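The values are calculated or read from the model by the stated rules, or taken from the named source; none is laboratory data. Note that the coordinates shown come from a computational prediction; the quantities given were computed from them, not determined experimentally. Please note: Cβ atoms are built from the backbone with ideal geometry, for glycine as well, and neighbour counts cover all protein chains shown.
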Amino acid sequence: MDTKTAKRKEKEAREILRLEKAQARPRGPGYLFYLLLIISVVYIADEVASQIGTQMQSVLAQAIFAPVYGTENAVARMSAWGALTYLGMGAAFLFKPLADRYGRKPFLVINTLGMGLGLLFISVATNIPVYLLGALTIALFIPHDMQTVYIFECTPAKHRAKTYFIIKAIATLGMMLIPVLRGAFMGSDITRWRLVFVVPTIIAIGAAMFSLIFARETDAFIARRLEFLRSSDEERAREKTSKNVEQAQGGFIPAIKFSLANRQMRWLIIGSGLLSFGMLMTMYYETTMTYGFAQRFLEQGMALEQAKASAAPYVTQALYLFPVGSAALQLVQGFMADKWGRKLTVAIMSVCCVAAFVLFFVGVRQGWSPWLVGLLCGGAIGGYWAAGDISGAVMCAESTPTNLRSSVLAVRIFISGLFTGACMGAGILLVNTFGDAYAGIISVVFAVPGTIAGIVLLMAKARETKGVVLETVTGKE
């Protein structure tokens, strides 16, 4: 045995000992409850970090981009510069698969802490480069969704979708923190926007610390990792020479090979990629609200900047019911998915998404009540994320072996991101061409046909995964 092999075996022996101790530690009767409580707080931090930039979009654009590019095109230029955040997302896909090698917990902590750091950068930004640093940092840590992997691997199969979407709904309701902070700290004085970012920063950092102290590694990861570490060199060599990607211990390349070779994963990725055309809805709904509510002030002869400031309290009012509409759909879909199946639920949520967004777009332009506008907008975005979560997260996780699960989820986001990038690139180009006021109609033009195409493809090609036991998934089904 050469020195390199001896060192590897010694290192693996220490890892086996550590994992066996972790596996042997008894789980108290309340462990799952407080683990899910921690995960819920992490999820709230994730949702707030994901949405606060959008729900403060016109305010951030006015404060940071308007002095350089003017009020009428501030959001458009902000979106164009925001395309740089794809660099962060791209880097995220490179190290997300490491969770299949080193475990879920380290990345649960790191990702949550990173979100807090990104929020902190934005809160102190006085120019475009510092703002972009914060947005790039958030983009680097948002895509991982390690809290989702924890839920999938720690809950019984028959309750998996319900548990996931109950926690998702709680996290969505947590987004109500954003309009609460807008109302408490900002009101119509948009110069006080920085204070809105301070509380979410503290929550994210606190959630990371709680995860570090109280969360434990998932049993599914420990069992699968021990199985690999206890295998002989001969067994590993046979697996490697047979090119059996289902046995790979994580990694981006094995995950890509598996995703392309496995029929189920191919159609899930393509279908969820088409659904991701709806991403434009999630980018511009606050700007669509702002211009809709500002219309009445523009008709009174106000300048655009003053009209947008006067519309801010109406936008805040609408955003109070945004989480309610969003959480309602995300809550019921968990029960629907466990009772009626994943595929039918994707179809129902997608139809709700399209219908609610069209009504929201019409309502905000026709001067409907901010409460109703916010409820419809939340329902549209909630339906979009619900359909995407079931097809792109739940069904993908239930179609992938444990040793590749985190890596494949990263690949799914990466490939779907190519669809999203093409759609968003075209959308950003159009918004920059026609101006911020056209963001809403441009979102409708892309989201509706893309969502319908995604529904048809998933219903026709994907296999139902309801009731799958994750530990038994081999990737050969």
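For segment 431-447, filtering for residues that are within 22 Å of Gly273 (Cβ to Cβ) and either surrounded by 18 or more Cβ atoms within 10 Å (Cβ to Cβ) or charged (D, E, K, R) (or both) leaves 6.
Condition (residue is surrounded by 24 or more Cβ atoms within 10 Å (Cβ to Cβ), over 23 Å from Gly425 (Cβ atoms) and at pLDDT 85 or above) applied to segment 274-289: is it met by at least one residue? Looking through segment 274-289, at least one residue is surrounded by 24 or more Cβ atoms within 10 Å (Cβ to Cβ), over 23 Å from Gly425 (Cβ atoms) and at pLDDT 85 or above. Mind listing whichever residues of segment 344-398 are touching a residue at least 40 places away in the same chain (Cβ under 8 Å) and either among the acidic types (Asp, Glu) or out of contact with any helix residue (DSSP H, G or I) (no Cβ under 8 Å at 6 or more places or on another chain) (or both)? Residues satisfying the conditions are Asp389, Glu398. Criterion first (of a type in the set (D, E, K, R), surrounded by fewer than 18 Cβ atoms within 10 Å (Cβ to Cβ) and either in contact with a strand residue (DSSP E or B) (Cβ under 6 Å, 6 or more places away or on another chain) or touching a residue at least 40 places away in the same chain (Cβ under 8 Å) (or both)) does Lys162 satisfy it? So Lys162 fails the test. When Tyr31 is tested against (1) farther than 25 Å from Ile202 by Cβ; (2) in contact with a Lys or Arg (Cβ under 9 Å, 6 or more places away or on another chain); (3) crowded, with 23+ Cβ neighbours inside 10 Å, just one condition goes unmet, and that condition is (3).
Filter segment 393-418 down to the residues that are of a type in the set (Gly, Ala, Ser) and touching a Pro at 6+ places or on another chain (Cβ under 6 Å) and list them by number.
Answer for segment 393-418, where residues must be of a type in the set (Gly, Ala, Ser) and touching a Pro at 6+ places or on another chain (Cβ under 6 Å): Ser407, Ala410.
Within segment 65-84, if we keep just the residues that are part of a helix (DSSP H, G or I) and surrounded by fewer than 22 Cβ atoms within 10 Å (Cβ to Cβ), the residue that is modelled with the lowest pLDDT turns out to be Gly82. From the residues in segment 305-339 that are closer than 23 Å to Ala76 by Cα and surrounded by fewer than 19 Cβ atoms within 10 Å (Cβ to Cβ), which one is nearest to the chain's Cα centre (by Cα)? For segment 305-339, the residue satisfying everything is Pro313. A single entry from Ala22, Ala61 fulfils the requirement of being modelled with pLDDT of 90 or more and not in a loop (DSSP other than H, G, I, E, B): Ala61.
Just one of the numbered conditions (1) surrounded by fewer than 16 Cβ atoms within 10 Å (Cβ to Cβ); (2) at pLDDT below 90; (3) of a type in the set (A, V, I, L, M, F, W, C) is not true of Leu195: (2). In this structure, Leu226 does not qualify as part of a helix (DSSP H, G or I), crowded, with 17+ Cβ neighbours inside 10 Å and modelled with pLDDT of 85 or more. The set of residues from segment 42-63 being buried (at least 22 other Cβ atoms within 10 Å of the Cβ) and of a type in the set (A, V, I, L, M) comprises Val42, Ile44, Ala45, Val48, Ala49, Ile52, Met56, Val59, Leu60, Ala61.
Hey, Arg342 hits all of (1) buried (at least 20 other Cβ atoms within 10 Å of the Cβ); (2) over 30 Å from Asp189 (Cα atoms); (3) more than 22 Å from the chain's Cα centre (by Cα) but one; which does it fall short on? The failed condition is (3). Just checking, does segment 187-195 include any residue being hydrophobic (A, V, I, L, M, F, W, C), over 13 Å from Gln330 (Cβ atoms) and under 22 Å from the mean Cα position of the chain (by Cα)? No - not one qualifying residue is present in segment 187-195. Of all residues in segment 143-175, exactly one satisfies the criterion of being acidic (Asp, Glu) and over 13 Å from the mean Cα position of the chain (by Cα), namely Glu153. Within segment 17-54, the only residue that satisfies the criterion of being touching a residue at least 60 places away in the same chain (Cβ under 8 Å) and more than 30 Å from Gly114 (Cβ to Cβ) is Glu20. The residue of segment 119-168 that is modelled with the lowest pLDDT, among those that are among the polar types (S, T, N, Q) and closer than 16 Å to Phe107 by Cα, is Thr148. With respect to the conditions (1) within 30 Å of Glu153 (Cβ to Cβ); (2) at pLDDT 85 or above, Thr433 falls short on a single one, namely (1). For Ala139, indicate whether it is under 29 Å from Phe293 (Cα atoms) and within 17 Å of the chain's Cα centre (by Cα). Answer is no for this residue.
The set of residues in segment 165-183 being in contact with a Gly (Cβ under 8 Å, 6 or more places away or on another chain) and surrounded by fewer than 22 Cβ atoms within 10 Å (Cβ to Cβ) consists of Ile166 alone.
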